[in-house]
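Some notes on the structure that comes next.
Bear in mind these aren't lab numbers, they're just calculated from the coordinates by the rules spelled out. On a predicted model such as this, the values are computed, not experimentally measured, just so you know. All Cβ positions, even for glycine, are placed from backbone atoms using ideal geometry, and neighbour counts span all protein chains on display.
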Amino acid sequence: MRPHDRIIVEETASSSLRPGDLILFYEQGRPVCHRLVRKSRLSGQFMLFARGDYSPSWKTVKVDQERCAGRVTAIVRGKRIIPAVGFREAAVGRLIVISFPLAMLIFMGLRRLIKK
């Protein structure tokens, strides 16, 4: 990922995440996107271990499933959409990214009409 990239996140149960998935989680109230390295079940609860792609292996972060917002399905770089997972998820991500600006244009146009 690069500065100014945006991501599309799918809310996902921790049990369906797989090593290699990009996940979004919160650390000290701030969003963090890292790759899932492994997961373990501790005391009946999934514990996720994530690391940035360019971080050394000892910088693995332990993430409680409550802090995990979900799986990153796509990265939006300018006008390009880069799939982060399979075809179905990438198609949903594209639909959201394409339809959101159109929905905003319609909303703004209706708002102007109502004000007149």
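Please list, in order, the residues from the stretch 1-38 whose amide nitrogen is less than 14 Å from a point placed 7 Å along the Cα→Cβ vector of Gln65.
Those under the cut-off are 12-18.
Which values, in whole Å and largest first, are the semi-axes of the equivalent ellipsoid of the stretch 28-71 obtained as the square root of 5 times each eigenvalue of the Cα gyration tensor?
Equivalent ellipsoid of the stretch 28-71: 17, 14, 8 Å, largest first.
In whole angstrom, note down how far apart the Cα centers of the stretch 1-17 and the stretch 19-59 are.
Each part reduced to its Cα centre gives a spacing of 12 Å.
Fewest to most neighbouring Cβ within 10 Å: what's the order for Glu10, Glu27?
Fewest-to-most ranking of Glu10, Glu27: Glu27, Glu10.
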